[in-house]
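So the structure is just underneath, and the comments pick up after that.
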Amino acid sequence: MEQDRESLGAASKALAEAASQLAHALGSQARQAADAGTAFSDAVTSSLRGAAADISAASATLSEQVSRRDDRRPRKADQTRADLLAAGARVFAARGFEGASVDDIARDAGYTKGAVYAHFGSKRDLFLAIALGSVAATSHCDALPGLETGAIDEPALAGHLVRLGEDPAMLLALEILAYALRHPDDSAELAAAYRAAFEGLAEQVARRRCARDGVTDPAPEPTQEDFDTVLAVLSVLNWATLGAHVLGPPVSAESGARIIARLLD
């Protein structure tokens, strides 16, 4: 930004210098008019051409710098939005929706709270943007390692559950669910996102079931049993990650991995 200001200042200075040269040339030639005769007209024309060339070059430089600055604005806006989303996810996970403030989020992201209002309008709108993105991510195929492959690698799954249990995103997931229960006006949009994610996981379970049973169907329709399996897997996943921190043995990531493997096999 500082470099842009310097470049724009240099271009403006060039414009001023060109105008000054033009005025000086006109004044100088006017004083010599009586002796120079028709040479005055030629001299003024030459001076005008030179000044015009300087003004044209300076104007082109100014236009180029403004264009570059304008090109950078969308990229900067996208980065600011991404920073605020990441900071909001951290702060909401740590303090909850009610406990978090716009100041907290802006400070974590390294901006003023005006940036939050400019990009999202309110704390609620920022939270919903984070919540909808987070819920949608749970339907990805990498939600659980080995979900659509052969035999589930229990040690790898247990390691995955350990990492989930240490990830603040799990606290955020609980906060999103609590928000949906406490704010019925927003629950419909969140419910639609939850339903889409749930159905996406059920489709993965259905494909795994068909592969296990030797059924050739690239897009099988999930059965009620598949939906029941998803519900059971998610329930175990929550307790094997967060609940294990509270209960301790015998509840653990390893026991959760064993149960999930049995549910999916």
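A few notes on this one:
- Candidates GLU254, GLU175, GLU199, filtered to the one that is of a type in the set (D, E, K, R), assigned by TED's automatic domain parsing to the domain that holds ALA136, under 28 Å from ALA93 (Cβ atoms) and over 33 Å from the mean Cα position of the chain (by Cα): GLU254
- Which listed residue is surrounded by 15 or more Cβ atoms within 10 Å (Cβ to Cβ), in contact (Cβ under 8 Å) with a residue 60 or more places away in the chain, out of contact with any Pro (no Cβ under 6 Å at 6 or more places or on another chain) and of a type in the set (Gly, Ala, Ser), from ALA158, ALA173: ALA158
- Those helices (runs of 4 or more DSSP H) of segment 174-265 in which 2 or more residues are at pLDDT 90 or above occupy 184-213, 224-238, 253-264.
- Looking at ARG107, ARG81, ARG124, just one residue is among the charged types (D, E, K, R) and either over 24 Å from LEU177 (Cα atoms) or not in a helix (DSSP H, G or I) (or both), and that residue is ARG107.
The values are calculated or read from the model by the stated rules, or taken from the named source; none is laboratory data. Please read all numbers here as calculations on a predicted model, not as lab measurements. Quick reminder, even Gly has a Cβ in these numbers, built from the backbone with ideal geometry, and neighbours come from all protein chains shown.
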